[in-house]
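One structure below.
The values are calculated or read from the model by the stated rules, or taken from the named source; none is laboratory data. Bear in mind that the values here come from a model prediction, so they are computed numbers and not experimental data. Note: ideal-geometry Cβ built from the backbone for every residue, glycine included; neighbour counts use all protein chains shown. Accessible surface areas use protein heavy atoms only, side chains included; no ligands, DNA or RNA. Shrake-Rupley method; radii C 1.70, N 1.55, O 1.52, S 1.80 Å.
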Amino acid sequence: DAKTTQPNSMESNEEEPVHLPCNHSTISGTDYIHWYRQLPSQGPEYVIHGLTSNVNNRMASLAIAEDRKSSTLILHRATLRDAAVYYCILRDVGGNFNKFYFGSGTKLNVKP
Amino acid sequence: SAVISQKPSRDICQRGTSLTIQCQVDSQVTMMFWYRQQPGQSLTLIATANQGSEATYESGFVIDKFPISRPNLTFSTLTVSNMSPEDSSIYLCSAGGENQPQHFGDGTRLSIL
């Protein structure tokens, strides 16, 4: 399974942008980069995913390095509700039955 | 996006007993998975629930301990057998299509006395 490396924790101020980094130096050509977040006492929630190009949706943006060995999840304006554990996951759609293997994630704390 | 419902949401069980957790999806999906999340930890994949055939287990998980059924494209069960305190965890199911985001239930919080 391709591995990801994320900082254990990060802190942000409310209404400021947040950049959550993820390193995945062993990524393969068929690995999609997925981001999920887990709010307290809930199951993980899909945030965004991409393959090579940067992606935007209503929740966040995903910036993918040109060599694909790293990516950054961008929350444009953090709110208190964004305090969660954020997981960067590589999903092999070329095989491995589309499985998700979660790493340890980044715990984001948002200060008012 | 699929909506996932898990039952029960929590339970307290006696050592040596078994508990079956149900996962219902509001639409047909190709992929269903079961995870365990121990206190303060990340999620660990237990197995892939295959419709109409035996589940595919990850290393460290066996069918005798975690039998899984998937009778159709919207439903799966996970049984935690012969429970011990070490099985106290949150058990989560996820579902989705191939190459599509997975959606998760809120989990079953299991405590073993």
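Just a few scattered comments:
- Chain B and chain A together bury an accessible surface of about 1600 square angstrom, both sides counted, with a 1.4 Å probe and no ligands or nucleic acids included.
- Only Lys, Arg (+1) and Asp, Glu (-1) charged, at Cβ; chain B dipole about Cα centre in debye: 220
- Relative contact order, percent, region A:1-44 [alpha-carbon distance under 8 Å, six or more residues apart]: 39
- Taking 30 Å as the straight-line reach from the Cα of residue B:65, the lysines in range (excluding those fewer than 8 positions away in the same chain) are A:3, A:99, B:7.
- A straight chain from residue B:111 to residue B:63 at 0.36 nm per residue would run longer than the Cα-Cα distance by 15.2 nm.
- Peptides B:104-111, B:16-23, A:85-92 ranked from most to least packed, by the mean per-residue count of other Cβ atoms within 10 Å: A:85-92, B:104-111, B:16-23.
- Peptide B:27-33 has a mean shielding of 1, counted as Cβ atoms of other protein chains within 10 Å of each residue's Cβ.
- Å² of accessible area per residue within chain A, as computed with a 1.4 Å probe and no ligands counted: 50
- Dipole in debye (nearest 20) - the protein assembly as shown, about Cα centre, beta carbon charges: Lys, Arg +1; Asp, Glu -1: 260
- Computed from the C-beta positions of residue B:79 and residue A:14 and an R0 of 35 Å, the FRET efficiency is 0.20 to the nearest 0.05.
- Only protein atoms count toward the accessible area here, which uses a 1.4 Å probe; on the protein assembly as shown, the carbon and sulfur part of that area reaches 47 percent.
- Interface residues of region A:11-47, defined as a loss of at least 30 Å² in heavy-atom accessible area between the chain alone and the complex of all protein chains with a 1.4 Å probe, are A:36, A:38, A:41, A:43, A:44, A:46.
- Across peptide B:36-47, the mean count of Cβ atoms from other chains lying within 10 Å of each residue's own Cβ comes to 3.
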